[in-house]
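The values are calculated or read from the model by the stated rules, or taken from the named source; none is laboratory data. What you are looking at is a predicted structure, and each value in this text was computed from that prediction instead of being measured. Positions of Cβ are backbone-derived with ideal geometry, glycine not excepted, and every protein chain shown enters the neighbour counts. Each accessible area value is taken on the protein alone, full model and side chains, heavy atoms only, with ligands, DNA and RNA left out. Shrake-Rupley method; radii C 1.70, N 1.55, O 1.52, S 1.80 Å.
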Amino acid sequence: MKFAKAMTTLSLGVLMSLGTTAMAQNSAKDGLEKIKGNLNNSKTNLQEYEKNLKTVEGNLSEVAKAKSQVENQQKQVHQQAEENNQAMGRISGQEKEIQGLINEEKNKMAQESQKIAELEAMIAKIKENQKKRELNINDYQLQMSQLTEEKKIWNSRASTLKEQNEQVNQKLRGLASEENEWKAKQRGYQGEVKRWSKEVERQQKISDSYNSLAEVK
């Protein structure tokens, strides 16, 4: 509205200059003062929006850095989760193998128990074998207990990694939202800078025209 009013004053000044010379000079001075005011306002607005634009661009740069760091954290969490899955798979395979050995030993014990009644001569040998197999079973059961404890540790780690992954995803979602907000502000400030740059150029042309007119007068 201020600029439109200044342009109206300019038009009236030109018309009045065709009439009384003294009135035209006063009108031209008033119009020139208003144009200078508009030009200064435009320059001030331009400087303010350029300053805001620099701030927004700096914030976007910081967001990009933070986003890159979180993405690296996410890669590390995924890698650790994959290692955890591989370890759990290895333990499951070992459990099956040891359980098979335990079952095999138990079956052999049952078969050998039946032979005791039939083969008195071999009782001593069979009992000796049973003692060895009992020791084997105890050893396997000890290994099974150790694997069970190790499995608990890996399961606990899996839960921790899952929570860490969720935290990383939440950070990424928050940064993505923040990035979009800053980009929207950037577009707005860029538009204002462009608009006020054009306005400064327009007001400068009007000022130059008035200066030329004043010199002719």
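Pick from the range 156-166 the residues that are open to solvent by less than 90 Å² (accessible area, probe 1.4 Å) and free of Cβ contacts under 8 Å to residues at least 60 places away in the same chain: which of them is farthest from Ile98 (Cα to Cα)? Among them, the one singled out is Glu166. State whether one or more residues within the range 172-179 are over 18 Å from Lys75 (Cα atoms), open to solvent by less than 80 Å² (accessible area, probe 1.4 Å) and among the acidic types (Asp, Glu). Taking every residue of the range 172-179 in turn, at least one turns out to be over 18 Å from Lys75 (Cα atoms), open to solvent by less than 80 Å² (accessible area, probe 1.4 Å) and among the acidic types (Asp, Glu).
Residues are listed down the side, and each one gets a yes or a no for (1) exposed (fewer than 12 other Cβ atoms within 10 Å of the Cβ); (2) closer than 24 Å to Leu53 by Cβ; (3) at pLDDT below 90:
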| site | (1), (2), (3) |
| --- | --- |
| Asn103 | yes, no, no |
| Glu112 | no, no, yes |
| Leu119 | no, no, yes |
| Ile126 | no, no, yes |
| Asn129 | no, no, yes |
| Glu134 | no, no, no |
| Glu150 | no, no, no |
| Val168 | no, no, no |
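The single residue among Lys183, Lys194 that is open to solvent by 60 Å² or more (accessible area, probe 1.4 Å) and without any contact (Cβ under 8 Å) to a residue 60 or more places away in the chain turns out to be Lys194.
Here Gln73 qualifies as polar (S, T, N, Q) and surrounded by 13 or more Cβ atoms within 10 Å (Cβ to Cβ).
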